[in-house]
Amino acid sequence: MPSVSPMRVPGRVQVLVAGGGPVGLAAAVELGRRGIDVLVVEPRAAVSHARPRCKTLNVRTMEHLRRWSLAERLRARAPLPPSWSQDVVFCTSLSGRELSRFTGVLGLVPEGDRFPETGQQAPQYVLEEVLREAVEEIAPGRLVLGSKVVGVYQDDESVAVTVDNGTGRRVVVTADYVIGCDGPRSVVRDEIGARYVGGEALRPNFGMVFESPGLWEHVAHGPAVQYWVVNAAAPALVGPLDRTDTWWAIGFGVDRETGEREARRIIDGVAGRPVRAKVLSTDPWTARMMTVDRMRDGRVFLAGDAAHLNPPFGGHGLNTGIGDAVDLGWKLAAVLDGWGGPGILDSYESERRPVQERVIREATANMRVLSTELYADDLDADDEAGARARRAAGVRIQETKKAEFHSLDLVLGLRVADSPVVPAARTLWAGARLPHLFLADGRSLYDVLGAGLTLLALTEDAPVAAVEEAARLRGVPLGVVRLPEPLAAGYAAKLGARLVLVRPDQVVAWLGDEAPEDAVSLIDTVGGGAPRPVHTSQERKHHV
């Protein structure tokens, strides 16, 4: 992967991103595709395959990857295509009794018009590698590896960022804005005086990656993306990283010392029999449920794990961070391009915090029932007592775990209910993700939305001129899309309006049958108020 020497980094950029994990890279892609000069500073020289971490890319994240023209690239790299399995299995062991299963999980199955991209199971390192490539393609030389941000100082005009190359040599980069995507131990968060608020679970967990040739021969339940192992010897969650020999596992209630000492015993307990296995990496962790007390200080923002932490159950953590990156990315670009006012940056925390808090609540609820809570006597017994125990376990599993694996209402239903840049958020669709629709030629409606604001005209005579003129007067990029009949009529009936103003993140900003009397006021509100006197991205590049 090409990168810039920290001694040759640019002296000034528009946006500096501290941390080049998936969230920091996603922010850079969102900004870079909008012509913003962005620099990513990341301590790791290479993406590690040792700890796959997040493995669920949800439907919403895949929609953003589609918008960046990266969805198919990622799917081509992912070891497990959605067609391989869409099941989660609960069992006494991989070779033991099946207790229950969920099918069509995690958005892996298409649902008509509901979304253009299914979810995707992929180790986090696959996403990181694809996003690193994308940043280099968009902005060659703007990914600085083997370096880290160690200091942040800001005034009213800019932010001075100190970058250390790992040997003690330092340079200072001046940026208009900084995004801290540097994880739970965020230097940026400490530098602005923000802190986590919340709690953590009492029970430890022990993650590991292992290689086990021939293990698939003993799996009695067919392919699945997750197997929840319910037994006394090794209550765990396990899944394949590929279709050959590599697996990940989480031992519930296992501390670091026990896990390191008894990793092979845990693997045998998960398999239900002695198997050949080699532990490739370990990752002890404890679930935390936290958000920062503030996500912004002046020109410095926090996103991803630097801003919030949640239990991994349901696969929402990384995906929520990608949502942060998208929201902040287009808004920073709007300000730097001259059409966004100060309110658009103020809306970042007001829009994202409720999302983060709801995800934490849902993930915490998912964590209340794990394999340790599902265990009961006789689950493996061959007699009537065993059959009764398995039936009871199956009922409890279906009652308590369904929301974890069928969470599309959460993923697609997250809505901006109270935002300064959504003028009618109390109506049904304002502030919500634009309902998806496939066009007659097979394209997604999302594919025809513009990079700025888009005004959808859902009847032939829908009055678009006033909003178009207001956008022109304010210098706001606006495209008009007229849907053809009969699609337009049905879509207008669903939304209850014939004009729909859509933001760059596919969120409905406003809708109505007629243009508002003061269309300029509408554009100003959506754009965050009267724009500040800043250079456009093209003009500023001449000053960098």
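The values are calculated or read from the model by the stated rules, or taken from the named source; none is laboratory data. Quick caveat: nothing in here was measured; it's all calculated off a predicted structure. With ideal geometry, Cβ positions are generated from the backbone for all residues, glycine too; neighbour counts draw on all protein chains shown.
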Q. What about R44, is it surrounded by fewer than 24 Cβ atoms within 10 Å (Cβ to Cβ) and in contact with a helix residue (DSSP H, G or I) (Cβ under 8 Å, 6 or more places away or on another chain)?
A. no
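For (1) of a type in the set (V, I, T); (2) under 17 Å from L80 (Cβ atoms); (3) modelled with pLDDT under 95, each residue gets a yes or a no:
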{"site": "V105", "(1), (2), (3)": "yes, yes, no"}
{"site": "F115", "(1), (2), (3)": "no, no, no"}
{"site": "T118", "(1), (2), (3)": "yes, yes, no"}
{"site": "A122", "(1), (2), (3)": "no, yes, no"}
{"site": "E129", "(1), (2), (3)": "no, yes, no"}
**Q.** Output for the range 66-110, where each listed residue is closer than 21 Å to L437 by Cα and free of Cβ contacts under 8 Å to residues at least 60 places away in the same chain
**A.** S69, A71, E72, V109, P110
Q: Could you look through the range 47-67, keep only residues that are in contact with a helix residue (DSSP H, G or I) (Cβ under 7 Å, 6 or more places away or on another chain) and hydrophobic (A, V, I, L, M, F, W, C), and pick out the one that is farthest from E133 (Cα to Cα)?
A: V59
(Q) Scan the range 84-106 and tell me whether some residue there is out of contact with any Leu (no Cβ under 6 Å at 6 or more places or on another chain) and closer than 30 Å to L302 by Cβ. (A) yes
Q) Do we find that D182 is under 23 Å from the mean Cα position of the chain (by Cα), acidic (D, E), assigned by TED's automatic domain parsing to the domain that holds W330 and under 23 Å from G151 (Cα atoms) in this structure? A) yes
Q.
Restricting to the range 413-461, name every residue that is modelled with pLDDT under 95 and not in a loop (DSSP other than H, G, I, E, B).
A. G413
Q: Collect the residues in the range 173-202 that are surrounded by 13 or more Cβ atoms within 10 Å (Cβ to Cβ) and assigned to a strand (DSSP E or B), keeping them in residue-number order.
A: V173, T174, A175, D176, Y177, V178, I179, G180, Y196, G198, E200
Q. Of the residues that make up the range 53-72, is at least one among the acidic types (D, E) and in the same structural domain as D377 (by TED's automatic domain parsing)?
A. no
